[in-house]
Amino acid sequence: MNVRETLKANAAGHLEIGGCDTLELAKSFGTPLYVFDEDYIRAMMRIYRNTIAKEYGGNGNVLYASKAFSCLAMYAIAKQEGIGCDAVSGGELFTALKAGFNPGDIYVHGNNKTVEELRQSVSAGVGGIVIDSYREADILNEIAREYGVRQSVLIRVNPGVEAHTHAFVQTARTDSKFGFSIADGTALDYTEHVLSLENIELKGYHCHIGSQIFEKKSFALAAEKMLDFIKSVKDKTGFEAEILNLGGGFGIYYTDDDPKLTMDDYAEYLTTLISAVKAKTSSLNLKQPYLLIEPGRSIVGEAGITLYTVGAIKDIVGIRKYVAVDGGMFESPRYALYQSKYTAVKASDVNAPCVQKVSIAGKCCESGDLIGVDIPLPQVESGDILAVLSTGAYHYSMASNYNRNLIPQAILVKNGRAEVIIRKQTYDDLIRNDVIPDSLK
Ligand SMILES: *Cc1c(COP(=O)(O)O)cnc(C)c1O
């Protein structure tokens, strides 16, 4: 098994997470089961927050990117750790508020927020709304007038840096549904428009250059481009941004194809970014802006594992061995979406040598319903418990009821204690909103 802070083999050789034996967890809660290590989540939130405190005098905050994993308990943890969050839909905003989150610590995103979502955000008193179209600026200006407030906003900007895992590219023209481009001047034009509106108050800029990024230089470069832009806006309009939100995107460890970053490494990534901000503001003679970052995957991804029970095994000799489990694309959609790679572990014998590569298949009616392919495993049999690792981010949050499968429950583990944070769905949940109209009776 590859090294992870959250996992170990206990005395019996079973996989343990948060002091809990995963075979026991599977027995008491059933499978599939999402398991989250509370200490890891908290440690990641702290490492970012403390780095901003240490390297940037605390002039900033961490916004947990809700879309990675949104539920009441997750916001409760973020709140206790003193960080903020973002929300990309009315549903994420609703959940954060229900968990008791201070609205002022919430930033709302989205390239096409509905009028209702904008209203919900203004009436809740969110800290900021990241705006992304002329239509939105004008609608928001009207809504803020109605509520008698001046709503703080950031503009989503496209810095012309696109990063993916190990590489990044600089682009003059960006083909994206998100943001206004610096290079073609539209970000400046939009700034001038927003500055002319009475009821919205421009606080600064936001960018997000990608996800699962390991290239430190890409973050630094994006920060530099944003600050060059801030400087040119200042020179042309007199407006100097107070807030710079540099988005999320720090990568995590799925398989040995990815580097394994330690907590110190994450601190170093953020320090590199902060150093770039400090150097650039000083060379351009700008104020150091209040800094926001929005990590999602790196906070919760490695904190999570999914436990499955092995069912049918189909060995197509010379071609491929399918090990089917009781989950699938309805609870683990990333392979179907992006051919993502994973590591799996046989929970009853963590140290058993891997002797084969298998495809882990789900139970949905789709050939493409796989959890992963070419996954090294020891011998496994029907009834074994498998753990798929690094499933904390973009699994539950992307789950569906495809084939009317039930979305699994989620538990939080710490010091040998396991608590449910999302209950298992029931069949009644599936038909809760179904209606047979009179015409069909
Ligand atoms: C997805 C997203 C994030 C979080 O990205 P991670 O890769 O999970 O850190 C942050 N900000 C915005 C605007 C996003 O779209």
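Does Ala241 meet the test of being touching a helix residue (DSSP H, G or I) at 6+ places or on another chain (Cβ under 9 Å) and free of Cβ contacts under 8 Å to residues at least 12 places away in the same chain?
Answer is no for this residue.
Taking the stated definitions as given, is Tyr338 of a type in the set (Phe, Trp, Tyr), closer than 30 Å to Tyr64 by Cβ and within 16 Å of the ligand (Cβ to nearest atom)?
Against the criterion (of a type in the set (Phe, Trp, Tyr), closer than 30 Å to Tyr64 by Cβ and within 16 Å of the ligand (Cβ to nearest atom)), Tyr338 qualifies.
Residues in the range 389-401 that are part of a helix (DSSP H, G or I) and either aliphatic (A, V, I, L, M) or in contact with an Asp or Glu (Cβ under 8 Å, 6 or more places away or on another chain) (or both): how many?
Total meeting the criteria: 2.
Hey, can you tell me all the residues within the range 19-34 that are outside any helix (DSSP H, G or I) and out of contact with any Ser or Thr (no Cβ under 8 Å at 6 or more places or on another chain)?
Within the range 19-34, Gly19, Cys20, Asp21, Gly30 qualify.
Criterion first (more than 16 Å from the ligand (Cβ to nearest atom) and either part of a helix (DSSP H, G or I) or among the hydrophobic types (A, V, I, L, M, F, W, C) (or both)) does Thr255 satisfy it?
no
Look through the range 197-242, keep the residues that are more than 16 Å from the ligand (Cβ to nearest atom) and small (Gly, Ala, Ser), and return whichever of them is surrounded by the most Cβ atoms within 10 Å (Cβ to Cβ).
Out of the qualifying residues, it is Ala241.
Quick one: would you say Lys113 is within 16 Å of the ligand (Cβ to nearest atom), without any contact (Cβ under 8 Å) to a residue 40 or more places away in the chain and more than 26 Å from Leu270 (Cα to Cα)?
yes
Condition test on Leu273, is it surrounded by 15 or more Cβ atoms within 10 Å (Cβ to Cβ), within 16 Å of the ligand (Cβ to nearest atom) and over 17 Å from the mean Cα position of the chain (by Cα)?
yes
Name, by its number, the condition in (1) closer than 20 Å to Leu25 by Cβ; (2) in contact (Cβ under 8 Å) with a residue 40 or more places away in the chain; (3) not aromatic (Phe, Trp, Tyr) that does not hold for Met398.
The number of the failed condition is (1).
Would you point out the residue of the range 48-76, among those that are under 23 Å from Ala241 (Cα atoms) and part of a helix (DSSP H, G or I), that is nearest to the chain's Cα centre (by Cα)?
Tyr48
Regarding Phe239, is this residue closer than 16 Å to Leu154 by Cβ, aromatic (Phe, Trp, Tyr) and not in a helix (DSSP H, G or I)?
yes
Name every residue in the range 345-388 that is in contact (Cβ under 8 Å) with a residue 60 or more places away in the chain and among the polar types (S, T, N, Q), in order of residue number.
Correct list: Ser348, Asn351, Ser382.
Within the range 406-441, work out how many residues are within 27 Å of Glu16 (Cβ to Cβ), surrounded by fewer than 16 Cβ atoms within 10 Å (Cβ to Cβ) and of a type in the set (Val, Ile, Thr).
The qualifying residues number 1.
Would it be correct to say that Ile139 is within 13 Å of the ligand (Cβ to nearest atom) and under 27 Å from Ile230 (Cβ atoms)?
For Ile139, the condition - within 13 Å of the ligand (Cβ to nearest atom) and under 27 Å from Ile230 (Cβ atoms) - is not met.
Where in the range 82-196 are there strands (runs of 3 or more DSSP E), lying wholly inside it, with at least 3 residues that are surrounded by 14 or more Cβ atoms within 10 Å (Cβ to Cβ)?
84-87, 106-108, 128-131, 151-158, 161-164
Checking the conditions here, which among Val380, Val345, Val420, Val358 is of a type in the set (Val, Ile, Thr), under 19 Å from Ala312 (Cα atoms) and under 24 Å from the mean Cα position of the chain (by Cα)?
Exactly one residue qualifies, and that residue is Val345.
Name the residue, out of Gly368, Gly372, that is surrounded by fewer than 16 Cβ atoms within 10 Å (Cβ to Cβ) and in contact with a helix residue (DSSP H, G or I) (Cβ under 9 Å, 6 or more places away or on another chain).
Gly368
Pull up the range 401-421, narrow it to residues that are within 14 Å of Phe29 (Cβ to Cβ) and either among the small types (Gly, Ala, Ser) or at pLDDT below 95 (or both), then point me to the one that is nearest to the ligand (Cβ to nearest atom).
Only one residue tops the list, namely Ala410.
Here is a check on your reading of the model: is Leu291 of a type in the set (A, V, I, L, M), within 30 Å of Tyr107 (Cα to Cα), within 16 Å of the ligand (Cβ to nearest atom) and at pLDDT 95 or above?
yes
Please pick out the residue among Tyr107, Tyr48, Tyr56, Tyr134 that is among the aromatic types (Phe, Trp, Tyr), within 16 Å of the ligand (Cβ to nearest atom), in contact with a helix residue (DSSP H, G or I) (Cβ under 7 Å, 6 or more places away or on another chain) and in contact (Cβ under 8 Å) with a residue 40 or more places away in the chain.
Tyr48
The values are calculated or read from the model by the stated rules, or taken from the named source; none is laboratory data. These numbers come from a predicted model, not from an experiment. When we count neighbours, we look across all protein chains shown, and the Cβ atoms used for this are built from the backbone with ideal geometry, even at glycine.
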